[in-house]
């Protein structure tokens, strides 16, 4: 099927529109990627600036490590102390004063 001059005339008038559409398609992927990068940076900044609530430590591997550490302390004592059953003297007990408002207020200064 040959191209007639009238067909070429129609194609030439649409050439600008086609080139604009192709340029938009080429730019769409980098623009979407930069938008996602900006959103990721914003979320990361918000997460860094946020104050997270702390939770009590539950029973888990950390507790097991503490128990193992106690056993390791026994192994480090000299053999004479282990045999005699002597333990090093405990530090004197201290009176601890607790403030009921401690940890409840957060002062924020700019």
According to a simple spin-label model (label point 7 Å from Cα along Cα-to-Cβ), what is the distance in nm between residue 12 and residue 33?
3.8 nm
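Rounded to the nearest 0.05, what FRET efficiency do residue 51 and residue 96 give with R0 = 25 Å and r taken as the Cβ-Cβ distance? Could you check?
After rounding, the FRET efficiency stands at 0.40.
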Inter-site label distance for residue 21 and residue 106 at 7 Å from Cα along Cβ, in nm:
5.3 nm
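Bear in mind these aren't lab numbers, they're just calculated from the coordinates by the rules spelled out. This is a predicted model, so every value here is computed, not measured. Note: ideal-geometry Cβ built from the backbone for every residue, glycine included; neighbour counts use all protein chains shown.
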